[in-house]
1. Given R₀ = 56 Å, what would the calculated FRET efficiency be for A:Asp113 paired with A:Glu232, taking r from the Cβ atoms and rounding to 0.05?
2. B:Trp178 to A:Ala224: FRET efficiency via 1/(1 + (r/R0)^6), r the Cβ-Cβ distance, R0 60 Å, to the nearest 0.05?
3. For a Förster distance of 45 Å, can you work out the FRET efficiency between the beta-carbons of B:Arg72 and A:Arg212, rounded to the nearest 0.05?
4. List, in order, the whole-Hz ³J(HN,Hα) value for each residue of the range B:128-139 obtained from phi through the Karplus relation with A = 6.51, B = -1.76, C = 1.60 and θ = phi - 60°; use x for Gly and Pro.
5. Quick one, can you get me the convex hull of the C-alpha atoms of chain B expressed as volume per residue in Å³?
6. Can you compute the helix-only [θ] at 222 nm over the protein assembly as shown? Use -39500 (n - 2.57) per DSSP H run of at least 4 residues, normalise by all residues, nearest 500 deg cm²/dmol.
7. How many angstrom lie between the Cα centre of the range B:216-290 and the Cα centre of the range A:25-68?
8. Between the range B:1-46 and the range A:100-127, what is the C-alpha centre distance in whole Å?
Amino acid sequence: MTDLPDKTDRKLGLVIDLDTCVGCHACVISCKGWNTENYGVPLSDQDPYGGTPSGTFLNRVHSFEVQPDQGAAQTVHFPKSCLHCDDAPCVTVCPTGASYKRAEDGIVLVNEDACIGCGLCAWACPYGARELDRAAGVMKKCTLCVDRIYNENLPQEDRLPACVRTCPAGARHFGDLGDPDSAVSQLVADRGGMDLMPELGTRPVNKYLPPRPKDTGGEIDILAPLLAPVAEEPKGFLGWLDKTLERL
Amino acid sequence: MHPAPSVILFTALSGLGFGLLAWLGIGRPDVTGWVAFVFFFIAYALAVGGLVASTFHLGNPKNALKAFSQWRSSWLSREAVLSVAALITMGLYAIGTVFLGVQWSALGVIGAALSLLTVFATSMIYAQLETVPRWNHPITSALFLALSIAGGALLAGQVTAAIVLLLLAGGVQVAAWWLGDGRFAKRGSTMETATGLGFIGKVRLFEPPHTGGNYLLTEMVYVVGRKHAARLRVIALLCMSLVPAILLMLSHSHVVALIAVLSHLTGVFAARWLFFAEAEHVVGLYYGKR
């Protein structure tokens with residue numbers, strides 16, 4: 001049944017640090033690499049070397065410019081993938097039961113063997129986390145690398161989602177957000193982790209850490225006043241030149 | 001939202017077909033034998049044709065039977081179950097009227113109710129989506145039902161009822177546009193809430209995640225053709241509601257009725273195209289678009 005579980009034992013998810021992300025897109029590539037070779041059908045590309053390339057991705061990095069009322073604008077790189085919502089609207093709309101949220105760890109998955117590719121779950125998702133694969137005709141989404149995190153054939157340090165494992169900036173964190181003592185929950189509490197589009201009531205599990213306040217400009221250095229020009233009015237030869245040129 | 005021809009055909013034709021079935025179910029027109037056969041044939045051709053068209057936009061239709069399983073949570077599944085229930089019930093009723101010359105009126109009323117419930121379920125597929133504020137309102141269901149019942153009356157030859165209902169449906173359509181235009185702003189989703197960065201300042205897209213298109217943009221950020229929206233609204237309203245109503249007031253001949261039906265259908269197609277093309281999905285905010 002595509003009813004949502006009343007509660008999940010754990011809430012596995014990601015915490016993404018918008019202060020640290022450098023927008024390198026390594027998570028996008030590692031996600032595509034792992035997920036095209038493992039769980040489910042491959043993530044196909046259409047016209048990859050032609051004039052209008054497109055393809056299926058489970059994780060994409062947007063870049064935004066934020067302009068405060070005063071001061072300089074600021075660039076924020078913004079990775080976006082499935083937020084594994086507690087009230088996932090994509091799950092309840094599914095007519096076949098292909099879309100489901102796991103009671104044991106809260107991961108939202110698609111059973112591709114039951115998917116009819118109607119696309120209604122992608123319509124129901126506010127975040128653009130679901131993409132219909134054009135080659136296979138079934139819905140693809142982030143699995144939180146369910147085939148890595150429990151995989152005992154991998155060394156312990158690799159039992160993380162591919163995007164987290166690969167992030168060179170340490171901007172992505174994985175853990176149980178249902179446990180208030182977990183490292184990720186502590187991080188969210190310390191840094192004021194936030195939900196995306198909270199007004200839609202999806203209650204996302206993934207949290208975003210806001211960028212830290214930037215310098216506001218103004219005084220660059222406490223020594224700056226001492227570097228002020230000594231002579232405001234030109235004197236001597238330069239003073240004569242200045243007056244002569246003005247008279248011309 | 002992308003106005004896929006298969007979905008426009010599906011919602012418009014099946015709405016009309018189930019509307020006609022509802023009128024036949026309550027014994028209007030009061031027909032038996034071959035005349036009834038023709039009416040039922042038209043109703044089934046429209047309803048089933050529409051449902052078949054809807055399968056054309058499925059990426060993986062081989063699993064279509066599974067769509068009957070999730071009626072407890074999914075409106076799309078409910079629609080599948082209700083449509084089959086309506087078609088079977090009305091099929092039994094049709095056997096009675098066409099071949100046996102008897103009208104099992106209780107069965108007909110149940111079939112009529114199931115037909116209208118099917119249209120309601122179709123409307124809820126759209127009206128349930130909080131991500132598309134224009135649709136996420138009870139007026140969507142009112143509009144689908146009004147058009148279905150009015151179009152059904154037109155096809156069923158219920159002249160007086162059709163005139164009133166066509167004008168009423170036109171009114172509901174105008175109300176839907178009027179309400180719908182302000183729904184996105186009312187929902188309150190902006191690039192600032194989408195990114196959570198509003199506490200710093202005004203957000204704009206600096207760089208999209210990729211230079212090409214993607215599924216999300218073609219499916220949910222359809223902006224082509226919106227510039228003709230105002231003109232299309234007038235055309236839709238005239239063809240769908242006013243022209244057929246006026247034609248029915250002028251004459252009751254079969255030729256005029258046929259022109260009225262074709263005009264109505266043209267108008268419904270135009271209105272349904274706009275229903276999708278004008279609907280803005282909140283995911284567009286991540287791409288700096290609406």
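The values are calculated or read from the model by the stated rules, or taken from the named source; none is laboratory data. Treat the numbers as computed from the prediction; the structure is a model and nothing was measured. Please note: Cβ atoms are built from the backbone with ideal geometry, for glycine as well, and neighbour counts cover all protein chains shown. These accessible areas exclude ligands, DNA and RNA; they are computed on the full protein's heavy atoms, side chains included. Shrake-Rupley method; radii C 1.70, N 1.55, O 1.52, S 1.80 Å.
1. After rounding, the FRET efficiency stands at 0.10.
2. Working from the Cβ atoms, E equals 0.50.
3. Working: r = 46 Å, r/R0 = 1.03.
Result of the calculation: an efficiency of 0.45.
4. 6, 7, 5, 6, 10, x, 4, 7, 7, 7, x, 4
5. Per residue, the Cα convex hull of chain B comes to 138 Å³.
6. -13500 deg cm²/dmol
7. If you average the Cα positions of each part, the centres end up 36 Å apart.
8. That distance is 33 Å.
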